[in-house]
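*Asks:* Have a look at the structure that comes next, please.
Throughout, read-outs are computed from the coordinates displayed, never taken from laboratory work. All values reported here derive from a predicted model rather than from experimental measurement. Cβ coordinates were reconstructed from backbone atoms using ideal geometry, including for glycine residues, and neighbour counts include every protein chain displayed.
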Amino acid sequence: MNRRSFLALGAKAVVGLCLAQAGPAWAKIPSSLSTKPRTLSFYHTHTQERLDITYATAKDYDMDALAKINTYLRDFRTSEVHRIDPAVLDILWKIQQKMCCNSTYEIISGYRSPKTNQQLRQKSNGVAKRSLHMKGQAIDIRITGEKTKTVRDCAISLKSGGVGYYAKSNFVHIDTGRVRTW
């Protein structure tokens, strides 16, 4: 290998490393990360409750932790608790891994009862009749210290479900439904 080939190879390696750590051209999450404990920090904007929790270790979910998350992400208007799809939590965890941040998720909405969803639909045309919030498959969030536009772009890059961007209200909707954006 001559000097020119060596330098070109070195430059490609440096660019590859930079792209792997830069947004929005995130690299794929290395499979080795799937063996790390998955921990999330939450702050609920309506109840002012906080929750720091490890919900999975290696590839196994912690059922007690999931039960605590179900209660935490309850319909805060009715106090109704519903099972939250663990895949929603995995999306949140993957976003943090891709963004290289461990900041707190600010929760705007987790589970919504059909009654709450109907009440919100009467106030706004932006609430879906068959919202995945009612199935525990959606969450509305921001990340402390991060631009919601950056969070949106990262979530879209995962191609793990629906991603809605509400710039005026400053939050991102994430769900485990079909891949789509709005």
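*Asks:* Could you pull out every residue, at least 5 positions away or on a different chain, whose amide H is within less than 5 Å of the one on Arg38? Hs are placed 1.01 Å off N in the peptide plane, and Pro or chain starts have none.
*Replies:* It is Tyr55, Ala56, Thr57, Ala58, by chain and number.
*Asks:* Between Thr104 and residues 5 or more places away or on another chain, which pairs have amide H atoms under 5 Å apart, with H built 1.01 Å from N, and which residues are they?
*Replies:* Close amide H contacts, sequence-distant or interchain: Thr144.
*Asks:* Under a crude label model (7 Å from the Cα following the beta-carbon direction), how far is Arg178 from Thr71 in nanometres?
*Replies:* Label-label distance for Arg178 and Thr71, simple model: 3.8 nm.
*Asks:* How much net charge surrounds Thr144 when only other residues with a Cβ under 14 Å from its Cβ are counted (Lys, Arg +1; Asp, Glu -1)?
*Replies:* 0
*Asks:* Can you tell me which of 89-98, 70-79 comes out highest on packing, and rank the rest after it, using the mean Cβ neighbours within 10 Å?
*Replies:* Most protected by this proxy first, the peptides run 89-98, 70-79.
*Asks:* Apply the Karplus curve 6.51 cos²θ - 1.76 cosθ + 1.60, θ = phi - 60°, to the phi angles in segment 132-147 and return the couplings in whole Hz, x for Gly and Pro.
*Replies:* Residue by residue, segment 132-147 yields 5, 4, 6, 9, x, 10, 8, 8, 10, 9, 9, 10, 3, x, 10, 6 Hz.
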